[in-house]
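As structure tokens, the structure follows; a few thoughts come after it.
The values are calculated or read from the model by the stated rules, or taken from the named source; none is laboratory data. The model shown is predicted, which means the values in this text are computed figures rather than measured ones. Glycine gets a Cβ as well: all are built from the backbone with ideal geometry, and neighbour counts include every protein chain shown. Ligands, DNA and RNA are stripped out before the accessible areas are found, and what is left, the full protein with its side chains, is counted by its heavy atoms. Shrake-Rupley method; radii C 1.70, N 1.55, O 1.52, S 1.80 Å.
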Amino acid sequence: MRAAVFGGGYVTVILLISILESQAVDLLRGTGTSQNPLSAPKVHCRCSSYPNVTLCTWPKPPHFPTTHYIATYSERHNQASTKECHLLPPGSSSSEQFWICQLPNLKLLTDYIINITAVHSGRSSSHLTNFMLEDIVKPDPPVDVRVSPTNNRKLLVEWSPPPTWTNMVIFPLKYQILYQWENKGTRRSVHLGPYENTKVELKGLPAGRPYLFQVCARDLLGLGKCSDWSIPVKITIPRKRL
């Protein structure tokens with residue numbers, strides 16, 4: 001880490017982190033007064049529908065509401081051809097306080113560099129990072145999770161793929177199931193899968209105990225990460241009538 005003082009109190013901070021295994025580079029660069037610095041945007045990039053939907057997001061700064069952004073991206077080995085992101089400002093609700101940068105038509109198996117620069121009152125602060133599309137794949141969670149008891153104390157767990165994943169035929173998904181229960185005040189959990197179908201019949205679970213079921217989705221070839229877990233569904237396996 002380096003810090004230098006210029007012009008009576010202006011500070012430039014550069015933090016460079018290089019991860020050789022994934023060839024990932026994060027560069028945070030800021031210029032501003034030492035008493036009131038402008039923080040670099042905390043950027044998170046995700047491909048929610050491989051390979052067509054890639055978004056980079058960062059939170060709206062609470063102390064600098066009039067900050068505007070310059071967002072560009074390029075292929076790592078062809079930085080002479082730089083393109084601008086399509087920027088979407090934060091919405092009005094508290095759950096939409098994020099800037100969004102849309103990255104259309106990215107190439108497969110290609111390293112990209114994205115540069116997000118925040119500008120406010122003559123000061124600037126940048127976040128520079130690189131990624132490969134295949135490393136940031138993360139679908140949205142599965143929807144419509146249903147759990148129903150069948151005969152012989154079995155449970156049928158069903159769900160639907162995330163509707164935002166638009167290429168199920170060419171790029172199918174696989175799924176994992178998480179179920180949890182409490183035993184003497186201690187939370188227990190079991191992970192199952194992966195499964196390529198959207199229904200699984202489970203057996204051998206003790207009756208009379210409440211369970212929470214959730215499902216996550218991941219690209220079938222294992223690209224990126226599994227989605228966040230779906231909304232939990234609670235069910236108690238009924239005991240056999242005497």
Taking region 189-215, which residues are part of a strand (DSSP E or B) and either of a type in the set (D, E, K, R) or over 18 Å from LYS174 (Cβ atoms) (or both)? SER189, LYS199, GLU201, PRO210, TYR211, LEU212
Hey, among the residues in region 91-121 that are among the charged types (D, E, K, R) and at pLDDT 90 or above, which one's farthest from CYS47 (Cα to Cα)? ASP111
Taking into account only those residues within region 29-39 that are crowded, with 18+ Cβ neighbours inside 10 Å and touching a Lys or Arg at 6+ places or on another chain (Cβ under 7 Å), which is modelled with the lowest pLDDT? GLY32
Any idea which residue in region 133-163 is farthest from ILE114 (Cα to Cα), counting only those that are open to solvent by 50 Å² or more (accessible area, probe 1.4 Å) and part of a strand (DSSP E or B)? PRO149
Please work out which residue is nearest to the chain's Cα centre (by Cα), limiting yourself to region 202-234 and to residues that are closer than 15 Å to SER189 by Cα and β-branched (Val, Ile, Thr). VAL215
Would you check which residues across region 164-188 are assigned to a strand (DSSP E or B) and surrounded by 13 or more Cβ atoms within 10 Å (Cβ to Cβ) and list them? LEU173, LYS174, TYR175, GLN176, ILE177, LEU178, TYR179, GLN180, TRP181
Residue under question is HIS86, and the condition is that it be more than 20 Å from ALA217 (Cβ to Cβ), crowded, with 18+ Cβ neighbours inside 10 Å and not hydrophobic (A, V, I, L, M, F, W, C); does it hold? no
